[in-house]
């Protein structure tokens, strides 16, 4: 049964997420020193000095004096009930800081994924069917350049063009008047107006590689005997290509969601920093640099979970789409 | 003109004429012709076989009729005239290859089936979906009606539970069933002509016999013309009314089947038939083992089960009993054939004896048990027991020269080195009929037959006692087969070799082997003297197998009773 | 286990050797794997261009001190945001023309109203000399010399082919030195990935069974981690006080975490498939030892594929390093890499004032493109036998 398969795959996520939580915890523990060291150094810059007693006091309050595994288990057990701990830096519960930004990150990644597919699918099909045509060469060239240009560089160039030629600052996800406004239709519309730039920036390299994947898959399929069979049936060239080889080539295409989503989530971090988007990236970077461990840990954990969910989705989609994949 | 006259004229004229057809492939180095002025005719209610070896242009001809020559090929001259039972004469080669007119003919008036039942059906659409599509393309009917027609077609091609089969996928079917479904699809619009491009080549011989029977039956029912492409003269003799022989893009001979088999005009046809005829009896040069020859090998209760393991804990989820209690013995100088269809376990038996796998049971080679032999022991036996593989393209490492390949067993066993090694390789090459000057070449410079000779040279390099030959000729064209077999026979006589000869082809076994063991689903069902078994098979499976082998003699057509073996519990 | 052949093979030598159509049959007959691969590769025009570009870049990295006219860390307050100067080769004056490279001198002026600094051509020519003498540097850290590919005739003059940055440092020299670091990070990273990938992938594919399952799960796990957050976290853990070479090594290590999984999968897949290939079984039956089977029979068929995968992994690493350094988490100044240089272009004000800060980005794109072309060409040519 398909439901049993899905359940099984979801159960498989448990050890994965457990592993992810260990990695996340180790990562935020990796820097020498802890938040207090950074905090003291910061105070030191403004010539304030904490005495030993209050340092110890703070350390105990944050639980930083306990051995690593104790800290880890405390962290994880609180995670299970949805408590991500406190951000040292912001003096706020991590969940208050994280959810809104994660929501926007997810929104941005999904929008980009849709954009990527919407663009890559027709171009990939065209490129394969009209192999070595001018359009194919054009798509291939753009694809290669898209792959070779780092996201942040593309973002910078687009920003440069925006500033120099249009005199407009194209960064951010909201106009100033909506930045702190409550959600409304007007704010959603404003978001839409800003979203295209990060979507294009973020989606370019994924689109480029998806075009190449679609093209290669379809080229393989176009020579298969079942295409000949369909032709010998009297189907028109357009329909036979759409119904058979494209349908078969769609399967590996769909399964790319498994790595496209992690890539987008990853890429979104850098892009967000350059375009100063209120998504997870900039805050996570800040948290990492300040060794604000619970905040950073929550981000690393949630971003990793997103990618695991992406893989789950792609596996389920593949089973639904391809009757050859067995799921029991 | 009176209508009756037109009708009689139409039915007396061939339904399809190919006239002086030229097809070329446009390559970077210019036009490269694959068909040179091909002409022949198809007639209503008759089966025309197009025969030739690989590269003769048979398949291209079939596609040219439907005006679907794959790029970069193109029709350069000549024409194909099609005279459907309803409507007027059409020149298919003059139509727009993507236009409506030719698409009405494809599938509607001329149906086509292909060689590979594995890949000729879409893997992600149900059988029903694909047949219903074909029906609705050419017949004016609702989805429900089309489904009913599809169901009837599946029934007509004898697919069990047709209603259920409609909703199944191709990969859930066996090869034979898939080919039946293909036929059902091609015939769903009652075409005037059916083009079958090697439809049985990829099938086992018993399945092939069933498909041929089916096609014969359908032809009578539907009164169509069949164009049957094949390389197998046996199939031609069984099925065809007319024969067109092709070689390298030329039609070299045409005629009715009976006369053509009796007397051939063109030397190529002679050679083709000669190669088949020679395989109909034991080789003249065959040296029988001495009556008092000692036993060289005794296999007792050999078993090998492949376990399918899954998941993290590697649980056994499925067991495939590839070899299930096989016993036989072999005398010095004797050739034992193992015959069976795909999946019967014959190749696995050969590989078990060579210890490619680790089986259970006993393989007693001159008093020592190979199954329990340790590494060092095995090393010395492997010098005496050698193997020849089916596919000479896969069994020769393309990255080594012929010299390195043949020298490898000599080098790793420390038999020869330096100039002595080179001399040995030269001698071996001469022995198998190749020139020693070729030893610096790589395998890619050799043809299939030559490569198989290299494989033979490697096998005999260590002067073995026993050779396990796994389908050594089935990857080769018919005319090359006997050459390789004759080489093996000569070596057997000269070196006193014993052979275990694995094949699916009864004719090859008959030519080469003293005794034969018939395998079915991992077991030997019958073993004995080759001629005895062929003349008087005892086991029902052997009877079914033998009655399925096409005989290259049209005179014998229909004289045999076909046996069907459904297996125990199947 | 299916023995029935689907189709009889043509009784003539293989077609895939069409790659060798320009060569005589006798030449083809004795052509080794590498010969055939090279013939196939040569036909791939883009790949050949990629090869030349990459060769050129590594040449520049090797002779960075010689190619760069200036010390890349020398700042010059009088040349802040100096725009790029075109180089002219033919000097024409009243008495005809001669080959004599020069650039036009730019004078620094301050707008009296806005106080913004602008550079205006003064009309004077600054003459350059091939193999002229300039600043002293240590060639390969061994020999002291002051000969440069291009140097001003008058030692006091300066020229800026790619302009100057906010400290007046010569971008051209900085890009040249950046090329050295960025291009070599790819190579070193790939070497690490190669060791990890081949060892783990090879073990996984050759032995199979439970070891295979464990390694496969590990690879899946690593692949499911979102790379950039992990890198960021790892890189953030680096103390900025570390010396450059230590930073360089650790960053390379972090960056190579990308490459090995893919390589591991390729190697495993090939090993797994090849283990049961007839020619490998034939070698086993010949009596060849495990070592000989792996090294003489299996690896030679793999090397071309491995090299192709490696080539395709290098651009990923270059991009990774660039991204990290751009965010300030990779190499730290005074180290110079393309990423470090691009960090200067991070805010919109500096790039609108000095768009030439984008130039290192162009190098990134060109290098990555070249590696991709090269890798694609190699992958296509890797199996000249076409089976």
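Tabulated values for the structure
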read-out	value
Computed FRET value (nearest 0.05) for residue B:27 with residue A:59, which takes r as the C-beta separation and R₀ as 56 Å	0.10
Within 10 Å of each Cβ in B:108-118, the average number of Cβ atoms from other chains	3
Gain upon complete extension [residue A:165, residue A:13; 0.36 nm per residue less C-alpha separation]	49.9 nm
Sum of -39500 (n - 2.57) over DSSP H runs of 4+, divided by residues of the protein assembly as shown (222 nm, nearest 500)	-16500 deg cm²/dmol
Cα Rg, Dmax, segment C:114-253, angstrom units	24.1, 76
Footprinting exposure proxy for A:266, B:479 (fewest neighbouring C-beta atoms within 10 Å first)	B:479, A:266
Neighbouring partner chain Cβ atoms per residue of C:363-371, average, 10 Å criterion	3
Inter-site label distance for residue A:184 and residue B:19 at 7 Å from Cα along Cβ, in nm	8.1
Shape call, segment C:71-149: gyration tensor on alpha carbons, a/c limit 1.5	oblate
Antiparallel content of DSSP bridges confined to segment B:333-529, in %, to 5	30
Inter-label distance for residue B:223 and residue B:440, nm, one decimal - labels placed 7 Å from Cα along Cα-to-Cβ	7.0
Considering only the protein assembly as shown, percent of DSSP beta bridges that pair antiparallel, nearest 5	65
Average other protein chain Cβ within 10 Å of Cβ, residues B:436-447	5
Sequence of A:107, B:352, B:189 once ranked by neighbouring C-beta atoms within 10 Å, starting from the fewest	A:107, B:189, B:352
Degrees separating the helix A:293-321 axis from the principal Cα axis of chain A, which is the longest one	20
Where labels lie 7 Å past Cα in the beta-carbon direction, separation of residue A:193 and residue A:107 in nm	1.5
Choice from A:182, A:262, A:278 showing the highest fluctuation, given a GNM over chain A with Cα pairs closer than 10 Å	A:182
Beta bridge orientation in chain B: antiparallel %, DSSP, nearest 5	60
Cut-off 15 Å, label 7 Å out along Cα→Cβ of residue C:157, residues of segment C:94-126 by amide N	C:98-107, C:121-126
Gaussian network model of chain C, springs between alpha carbon atoms under 10 Å - residue of C:275, C:291, C:125 with greatest fluctuation	C:291
For chain C, built as a Gaussian network whose Cα springs stay under 10 Å, the top-fluctuating residue of C:181, C:126, C:90	C:90
C-alpha center-to-center spacing [segment A:223-275, segment A:114-176] in angstrom	19
Alpha-carbon spread of chain A, three principal axes, descending order, Å	87, 57, 37
Contour minus Cα-Cα distance for residue C:98 and residue C:166 (0.36 nm per residue)	20.9 nm
Segment B:333-529 shape via C-alpha gyration tensor axes, a/c threshold 1.5	oblate
16 Å cut-off, amide nitrogen to a point 7 angstrom out along residue C:187 Cα→Cβ, residues in segment C:299-330	C:310-315, C:317-318
Spatial separation of Cα centroids for segment C:352-387 and segment B:29-74, in angstrom	45
Taking A:49, C:214 and counting other C-beta atoms within 10 Å, the order from fewest to most	A:49, C:214
Sites residue C:27 and residue B:562, calculated FRET efficiency, Cβ-Cβ separation with R0 60 Å, nearest 0.05	0.65
Rounded to 10°, Cα long-axis angle of helix A:257-275 versus longest principal axis of chain A	50
Overall form of chain B per C-alpha gyration tensor (a/c, 1.5; a/b vs b/c)	prolate
Acute angle (nearest 10 degrees) that the helix A:94-129 long axis makes with the longest principal axis of chain A, alpha-carbon atoms	20
Part-to-part distance (alpha-carbon centres) for segment C:76-136 and segment C:210-278, which is given in Å	48
Two-site FRET efficiency, residue B:285 against residue B:248, from Cβ-Cβ distance with R₀ of 30 Å, rounded to 0.05	0.45
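Where a number appears in this text, it was derived from the coordinates with a stated rule and is not lab data. Quantities reported herein were computed from a predicted structural model and do not represent experimental measurements. Counting neighbours? That spans all protein chains shown, and the Cβs are built from the backbone with ideal geometry, glycine included.
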